[in-house]
Structures are given as C-alpha cells and as structure tokens.
Amino acid sequence: MAKFLQCDVGTIQRALRVFQENNLLTIHQDRYGWREKNRYKLIRTNWFGVKRKILEENITREQIGFLLLLKSLCYNHCNYTDYYGKGLQEIMTLKRSMIDNYLKALEARQYIKRDKKKKRITILRDDLFLTTKESEKEKIIKLCPELMGDDDYFDEHGHYHFVD
C-alpha cells in the first residue's frame, strides 16, 4: 500500500489505526506458522473506491485531495453532493477562498460542475472512481424499514447504514 500511495509504511500504519479506532474497518491477524498476515474489512457501506488513474491526472495533489474530499461528501453510490457554499466550508473546515479556488480550478478542467440554482456540486469524472452499487440489504431496507436491526440507522441525508 505504501508503495502504491508513494508514502512511508508508518503513515499507512497510523491511518489504519485511526480507521480502526473510528470503526471504519476491522483488522484480522492470521498466523501461518511463524508469519503473521493482516486482513482488512471495511465496516461501512458508504465507501468509495479510487482508481490509480487519479494519480496520473494533470492536476495538483492538493486538487486531487480536494476532489476526494468532495467525493466523500457525495450521497451513497452517486457523484453529487448538496453541500454548497457555507455548508461546504463548515464540513471541510477550509477557508472559503481556498474552497472557491479548488472549485474554480476543477470546474475549469471539467472535473466538477456547480449548479447554483440547485446548490449542488456534481463530479463529472466517473472514470476516476470504482463503481459501487447498493447492497441487496440496503434495497430491502428502503422498501421495508421495519427490518432494521437495533444498531442500524438512517443518517441526516436519509441514507441507510447497517451494522453487522
């Protein structure tokens, strides 16, 4: 992972620990004789995958990071977010001028589109992210919410999250 992301192993280890502490993944240690091997399992359903191609794009690393932040704010299984203006600034905790600069640069290069009427930002580049689909359980829960488990919940955007 460190080689792929072009960073040191310690950075990956720290990030995995933070993900584990925030219940975003579980780490399973398997023993094969004297060797140990870790397996990682994502816990949440609201994840997105990034293709390596994003690192080869002709934009700065900061713009890539901002695009990933935007993607993380998108609704499950789609490329748009209704965070806009002040709401976007509050959730990202970045200066308004910095957010505006990133949005202008990404819009000029046709990575995103802003719709001021709907107050919505859409990511236009589907080819940079892995396509995810709703799980069967998510589809069923939308139709029959009474099947929710005790730990399952709907977030503030009306998206269902189940806890295994």
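Summary table below
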read-out: Cross-link table LYS95/LYS119; LYS41/LYS119; LYS3/LYS86; LYS41/LYS113; LYS41/LYS71, entries beyond 30 Å C-alpha to C-alpha; value: LYS41/LYS119; LYS3/LYS86; LYS41/LYS113
read-out: Cα centre as origin, Lys/Arg/Asp/Glu Cβ charges: region 25-70 dipole, Debye; value: 280 debye
read-out: Heavy-atom SASA rank of ARG114, ARG61 (probe 1.4 Å, accessible area, largest first); value: ARG61, ARG114
read-out: Heavy-atom accessible area ranking, 1.4 Å probe, most first, across GLU107, GLU36; value: GLU36, GLU107
read-out: Solvent-accessible area of GLU62 with every protein chain in place, 1.4 Å probe, in Å² to the nearest 10; value: 110 Å²
read-out: Relative packing of 23-30, 68-75, which averages over residues the other C-beta atoms within 10 Å, highest first; value: 68-75, 23-30
read-out: log10 of Debye I(q)/I(0), alpha-carbon scatterers only, for region 1-114 at 0.10, 0.19 Å⁻¹; value: -0.41, -1.21
read-out: Sequence of LYS118, LYS51 from largest to smallest accessible area, 1.4 Å probe; value: LYS118, LYS51
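The values are calculated or read from the model by the stated rules, or taken from the named source; none is laboratory data. Being a predicted model, the structure only gives us computed values, none of them experimental. Cβ atoms come from the backbone with ideal geometry, glycine included; neighbour counts cover every protein chain shown. All accessible areas refer to the heavy atoms of the entire protein, side chains included, with ligands and DNA or RNA removed. Shrake-Rupley method; radii C 1.70, N 1.55, O 1.52, S 1.80 Å.
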